[in-house]
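Notes for the one structure printed next.
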Amino acid sequence: MTIVAGKRISHKDRGRGKQDFDIDGFVQLLADNYSRWKAPIVTFIANRGAGPFEILVSTLLSLRTKDEVTSQAAARLFEKARTPEQILSLTTGELEDLIYPVGFYPTKARRLHRISRILIDDHGGQVPDTLEGLLELPGVGRKTANLVLVEGFGKPAICVDTHVHRISNRTGYVETKTPEQTEFALLQKLPRRHWVRYNELLVAFGQVVCRPVSPFCSRCPAASMCPRKGVERSR
């Protein structure tokens, strides 16, 4: 028997992961085991001292691209250009060569040029530090914008990618159909103290343990509290 928010619930009920899901305990378990997993690539780049523009560029490069590829492409690019002005000093062809083979690299090269021009013309060369300002940049959606706020500016925001969407639903903490629905559900439900690290922890956890297909439930630190919603096969 466990007491959560003043209510007595059995471990069996707790495992069903409904409204009494112990989000504090879950986040703490992931934090305790985080050192065993790889940090998400944008977090890794941020921890090495990258500024908001490099975080924005890295996030754009990472879309539909494996972390290993993003890491190498970002390193090549930042050897040549770390500011909007330096990006514009390169041709789109040179940018393509530097970031290849990230997904949709020709489109991303052109987008980096457009964003750099907008930042210089409209923002004094600085990356906006608001959700609204970031969403006005071409190719920047809510996921990218929120990640830049967290990693680039240290502001509390909830970045929802496929890992965060999947795991938040798999644990039963939310019941949503799309990442955008998950973001708004978490904005209402997730304690603000967890906003900054939630994406970082769940992405690392989702890449290694709570995989999309056949997750490693046998070695999951949160297995006893997870209802495994939607899991048909596990290891």
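No value in this document is a laboratory result; all are computed from the given coordinates. Quantities reported herein were computed from a predicted structural model and do not represent experimental measurements. Neighbour counts run over all protein chains shown; Cβ positions are idealised from the backbone, glycine included.
For a modelled paramagnetic label at L63, 7 Å from Cα along Cα-to-Cβ, the residues of the range 69-113 in reach, with backbone nitrogen under 17 Å, are 70-71, 74, 96, 99-113. Each residue in V140, V150 was given a count of other beta-carbon atoms within 10 angstrom of its own, and listing them fewest first yields V140, V150. Taking a ≥ b ≥ c as the square roots of the Cα gyration tensor eigenvalues, the range 41-153 comes out rounded, since a/c falls below 1.5. For D161, D67, the sequence from fewest to most other C-beta atoms within 10 Å is D67, D161.
By how many nm would the segment from Y34 to R114 grow when fully extended, if each residue of separation counts as 0.36 nm and the alpha-carbon distance is taken off?
Working: separation 80, 0.36 × 80 = 28.80 nm, distance 3.66 nm.
So the extension gain works out to 25.1 nm.
I'd like to compare 193-200, 86-93, 26-33: which one has the highest average count of other Cβ atoms within 10 Å, and what's the full order after that?
Details: 193-200: 19.1, 86-93: 14.9, 26-33: 17.2.
So the order, starting with the most tightly packed, is 193-200, 26-33, 86-93.
Stretched out fully, how many nm does the piece from R233 to S89 gain, at 0.36 nm a residue minus the Cα gap?
46.7 nm
Over the Cα atoms of the chain, the radius of gyration divided by the Kirkwood radius equals 1.02; this is the Rg/Rh ratio. Here, P(r) means the percent of Cα pairs in each 5 Å bin from 0 to the largest distance; for the range 97-235 it is 2, 9, 16, 18, 16, 14, 11, 7, 4, 2, 0.
In terms of other Cβ atoms within 10 Å, C217, C159 run from fewest to most in the order C217, C159. Dividing the helix sum by the residues of the chain, where each DSSP H run of 4 or more adds -39500 (n - 2.57), gives a mean residue ellipticity at 222 nm of -16500 deg cm²/dmol.
Note on E79 and V213: their simple-model spin labels are 3.6 nm apart, each label 7 Å out from Cα toward Cβ.
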